[in-house]
1. Just to be sure I understand: of the beta bridges DSSP finds with both ends in region 208-348, what percent are antiparallel, rounded to 5?
2. What list of ³J(HN,Hα) couplings, whole Hz, do you get for region 243-258 from phi and the Karplus terms 6.51, -1.76, 1.60, once you set θ to phi - 60° and write x for glycine and proline?
3. Quick one: which residues, 5 or more positions from Ser96 or on another chain, have an amide H under 5 Å from its amide H? H modelled 1.01 Å from N in the peptide plane, none for Pro or chain starts.
4. Whose amide H sits under 5 Å from the amide H of Val199, counting only residues 5 or more places off or on another chain, with H placed in the peptide plane?
5. For region 296-386, what is the Kirkwood hydrodynamic radius in Å, using each pair of distinct C-alpha atoms?
6. Determine, for Asp334, Asp281, the number of other Cβ atoms within 10 Å of each Cβ, and report the residues in order from fewest to most.
7. Work out, in µm²/s and without decimals, the Stokes-Einstein translational diffusion coefficient of region 81-176 at 25 °C, 0.890 mPa s, Rh from Kirkwood over C-alpha pairs.
8. For a quick check: sort Ser345, Ser379, Ser5 by the number of other beta carbons within 10 angstrom, fewest at the front.
Amino acid sequence: MSWLSPLWLVVGAAGAFATVALHFITTSRAPAAPLPTARFVPRGEASAVARARRPEDRVLLAVRVLAVLLLAAAFAQPVLHTPGGGVRRVIVADRSRGAGAGFGAQVRNEWKAGDALVLLDSAAHVVTGGAEDTLSTIVPFPVPGVLSAGIIAARRAASAVATHADSIELVVISPVTADEFDSATSPLLRAWPGRVRVVRVVASPTYWPTVSVAGVAMDDPIAATALMISRAAPPALPRTPVRVTRLSFTTTDRAAAQDGAALVHWEQRPTNRPSAAGLTDNRTTVVATLSRVPVDTSGTVIARWADGVPAAAEQSLGTGCLRHVGVGVPTVGDAAIQPGVVALSHTLLGPCIARGAWPVISDSSLAALQTSGAAASASALLTGEEPSVLVPWLLAAALLTLLAEYGLRTGARS
């Protein structure tokens with residue numbers, strides 16, 4: 001048994017102690033005695049407060065203490081555990097664009113009846129029923145993954161199985177590509193109260209963008225960002241073309257997209273009133289001097305402003321894609337080459353989302369994500385949202401006990 005609000009047990013113990021202490025303080029009447037000059041004594045009852053060596057009305061005392069303890073236990077919300085539940089697992093299956101061939105088979109090999117399943121792509125989905133059917137058809141999605149969202153969802157999924165397990169292990173099945181990480185990923189994994197195991201699956205082929213910007217001046221800020229991204233390409237990765245236009249698409253541009261290129265329309269507009277704005281692609285969030293430009297959102301949204309308004313969207317075209325970016329970057333200043341803006345531009349100026357996964361992280365970085373030792377105890381993963389079937393019964397028993405206390409108290413007075 002676990003208690004969702006154990007502080008109430010302390011409150012109940014203090015209340016029971018105070019109830020017992022008050023029963024040692026008694027009020028007694030003085031014995032009656034005749035007085036020859038009674039007319040000078042004011043009318044009234046003479047009484048005195050004294051400390052008793054033994055509490056009076058022991059039955060009433062026991063009933064009152066029981067009522068206090070029952071109320072404290074109800075507010076503490078006990079949750080029963082099924083004995084012998086053993087070790088259950090929460091499996092985070094990363095089905096984003098980085099997962100390669102054999103991903104589904106490896107997830108099915110890891111999963112066992114009773115485990116919790118979280119499917120991860122650009123968002124996290126906790127499978128609440130029919131996991132076997134889901135696993136039989138699991139395939140990668142052509143969208144970037146967000147590991148932080150999967151770990152947060154794993155905490156919710158763990159609370160659902162915590163009442164039927166002794167301990168819980170977190171298992172992350174993922175290609176573990178670098179684009180799936182943000183600043184919260186490592187802290188979230190370290191906050192898991194037990195063993196974390198990462199199973200690396202074969203990653204899909206990855207490509208690095210070779211960005212070319214057409215029809216711009218020499219001092220165009222997007223050209224500087226594109227140059228930084230192109231020069232940072234790892235030597236072993238194959239390249240894929242990304243064509244950026246600041247004007248309108250041409251027939252040549254569309255033909256390149258049909259053949260697999262990413263065609264980016266990043267309209268050039270002057271920023272007359274620079275202001276700080278937040279922008280995120282679910283992996284990197286930046287606050288920089290940017291302006292909003294209306295954007296075509298008919299495709300998949302790949303970046304949003306801080307208030308949720310789409311900032312960039314992409315739609316498929318042949319084996320490539322068309323991307324519309326509605327982010328105004330000032331021509332004066334260093335906003336275009338700030339590290340956060342460059343990191344987020346890996347999405348805005350990157351390959352099509354279906355083939356844009358980054359390289360896998362190193363083995364040493366992977367080892368740092370894992371935690372050895374014992375699995376997390378089930379009680380450590382309860383969130384307070386689990387139903388407690390004992391609470392109604394405890395409240396009913398407390399109510400009956402209070403009614404009995406009232407009857408005993410009124411009977412003693414009469």
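No lab work stands behind these numbers, since they all come straight from the coordinates. As the structure is a computational prediction, the values presented were derived from the model and not from experiment. Cβ placement follows ideal geometry from the backbone for every residue including glycine, while neighbour counts extend to all protein chains displayed.
1. Numbers: 20 of 36 bridges.
Close to 55 percent.
2. So the Karplus estimates, Gly and Pro as x, are 9, 10, 10, 9, 10, 10, 5, 10, 4, 5, 4, 5, 5, 5, 5, 4 Hz.
3. Those qualifying (amide H under 5 Å, at least 5 residues apart or on another chain) are Phe141.
4. Counting only residues 5 or more places away or on other chains, the set is Val172, Ile173, Ser174.
5. Details: mean 1/r = 0.0584 Å⁻¹.
Hydrodynamic radius (Kirkwood, Cα only) of region 296-386 equals 17.1 Å.
6. Values: Asp334 12, Asp281 25.
With the sparsest Cβ surroundings first, the list reads Asp334, Asp281.
7. Numbers: Rh = 13.3 Å.
Stokes-Einstein gives a translational diffusion coefficient of 184 µm²/s.
8. Numbers: Ser345 27, Ser379 18, Ser5 14.
Starting with the residue having the fewest Cβ neighbours, the order is Ser5, Ser379, Ser345.
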